[in-house]
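Taking it in order: structure first as structure tokens, then the write-up.
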Amino acid sequence: MVAEDTAGSGDRSDGEKEMDQKASEDAERQEDGDVAMAATAAESPSGEDEARDPRKWKWSVIFLCFYGFMSSIKPGEPFITPYLLSPEKNFTREQVTNEITPVLTYSYMAVLVPAFLLTDLLRYKPVLIIQGVSQVIIWIILLLGGTLLQMQFMEFFYGITMACRVAYSSYIFSLVNPVLYQRVAGYSRSSVLLGVFTSSILGQLCMSLGNITFYTLNSISLGFVSFGLLLSLCLPWPKRSLFFNRTNQEEKELVEVATKSELDKMNPKDGGPSFAAPPCPASTWKDSVFMQMLLEVRNVLKRPNLRLWSLWWVFNSTGYYLVLFYVHILWNKVYPATENKNVYNGGVEAASTLLSAIASFTAGFVKIRWNIWSELVIGIITAVQAGLLLLMRTTDDIWVCYVCYVLFRSFYQFLVPIATFQIASSLTKELCALVFGINTFFGTVLKTIISLIFTDKRGLALDVHSQFLVYFFYFTLLTVVYFACAAVVICRHYRNERRGGVTRDQPTPTELSPVVTNKELETLSNGKSA
């Protein structure tokens, strides 16, 4: 990467370099000003409202965070898999593994893109209402359903619930001025994490101390999700959204910003900014902000750093969520619970949520030259995760499984804010949303393919131990690829240093401020709260 970035710059005079540097800085200031002006134009009415009545947006944010907290409290969620395998439902482990759980992945993939588009088109609130209705249907099916088809429908609605979480992730940004985005995003993430932690602790206390049945616990969960649905009906309805709901002037300005290449913005050439060709006026939809952003993503992903972390997001998140989907089935096989009080899923989920939050917070203070060491850091963490999966697959001690699961989640959560920072720091708000959406979609497609081949009864229909062996080989393959890339990047860097050919000043170690990503707050149908 260093050699590519610096190629062709060694033959230029110092004066030309200084002139190019000044021109580049001026171009960057001008483009940054254009982006800021477009963002201000899009949000100026909101900013004026905040100036007149700051309490209005504060109460809106507080109410939305309260909604996020309450909608995350489902104390029966960590115990869904034991509930399905218990005498109350009496499904076999093979049915849960190979026929019920895979429907979640298929549903999520089918609904993700429509949910992403409808969130912006309908301005958030209707999608959150759909999410609340889906959760109520899930718990009604869990309580009243008893057939295999009904449980598959339950997983289908879980996929809808997961896909609709994008509405909550982006809703809060429509309530405040752009200067407050980082602060309010932290509030929304903290509220959901606190809700997940509270839900897991409450469920474990009910099972261990209250000695209640799975049915009663699920009835309590139905009450909480019904209250969450009522809260979603009371949410304010934003006037604007990211792509579709804009005035003509706002859209025109954002199209102009969108057509400017982010690649040229980060690496200006020939002393000035390079702009992409203006859109052809052949048709209206081609001139829309959304289509311009889609075209610009292709240029953005040419940057090695963005490409690396986007690929990490796709491939590592795929393995991560596959483990979360099936780990409760593994626990039940390692330690079949004969009594309700012997199930500790809620406590383990609470511990993993807390440690994941600590890992995410710690990542904000890591100082490292990511342009050199990214591949190596990712490779080491992926190798550790592969070892944890192998240990989970081979051990007969349930507590070893619990500890490995907590560590596995924490290592992934440690890299999430780093990946978010590396991807989002060089993108506009609109491009950032699209890049993360595309990464999530491709990761979901890959999960679907793996599930169809190895898990579904129409494929190999492997048992849960064999599946974890597949996941171990998957992470091992990723580790080999990351280490090979790290060796190439590091050798190239030091070879250029020895030759004195590094003409580009290396960036100083990056100190990450805690970066928010709500994607990881999804709660899964078999009790995992990611």
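Condition check ((1) assigned to a helix (DSSP H, G or I); (2) in contact with a Cys (Cβ under 8 Å, 6 or more places away or on another chain); (3) in contact (Cβ under 8 Å) with a residue 40 or more places away in the chain) across all residues:
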residue	(1), (2), (3)
176	no, no, yes
185	yes, no, yes
188	yes, yes, yes
195	yes, no, yes
204	yes, no, yes
211	no, no, yes
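Looking at segment 119-127, is at least one residue among the aliphatic types (A, V, I, L, M), assigned to a helix (DSSP H, G or I) and either under 30 Å from residue 465 (Cα atoms) or modelled with pLDDT of 90 or more (or both)?
Filtering segment 119-127 for residues among the aliphatic types (A, V, I, L, M) gives 121-122, 127.
The next check asks that each one be assigned to a helix (DSSP H, G or I); those that pass are 121, 127.
Cutting the leftovers down to either under 30 Å from residue 465 (Cα atoms) or modelled with pLDDT of 90 or more (or both) gives us 127.
Checking segment 119-127: at least one residue is among the aliphatic types (A, V, I, L, M), assigned to a helix (DSSP H, G or I) and either under 30 Å from residue 465 (Cα atoms) or modelled with pLDDT of 90 or more (or both).
Here is a check on your reading of the model: is residue 137 among the β-branched types (Val, Ile, Thr), open to solvent by 20 Å² or more (accessible area, probe 1.4 Å) and in contact with a Cys (Cβ under 6 Å, 6 or more places away or on another chain)? Don't jump to the end; show me each part of the working.
Details: among the β-branched types (Val, Ile, Thr): yes; open to solvent by 20 Å² or more (accessible area, probe 1.4 Å): yes; in contact with a Cys (Cβ under 6 Å, 6 or more places away or on another chain): no.
No: the conditions fail for residue 137.
Test residue 216 against the stated conditions and say whether it is of a type in the set (Ser, Thr, Tyr), touching a helix residue (DSSP H, G or I) at 6+ places or on another chain (Cβ under 9 Å), open to solvent by 40 Å² or more (accessible area, probe 1.4 Å) and at pLDDT 85 or above.
Values: of a type in the set (Ser, Thr, Tyr): yes; touching a helix residue (DSSP H, G or I) at 6+ places or on another chain (Cβ under 9 Å): yes; open to solvent by 40 Å² or more (accessible area, probe 1.4 Å): yes; at pLDDT 85 or above: yes.
The answer is yes for residue 216.
The values are calculated or read from the model by the stated rules, or taken from the named source; none is laboratory data. Only a predicted model underlies this, so the values are computations on that prediction, with no experimental measurement involved. Ideal geometry is used to build each Cβ from the backbone, glycine not excepted, and the neighbour counts take in all protein chains shown. Side chains are part of the model used for accessible areas, which takes the heavy atoms of the whole protein and leaves out ligands, DNA and RNA. Shrake-Rupley method; radii C 1.70, N 1.55, O 1.52, S 1.80 Å.
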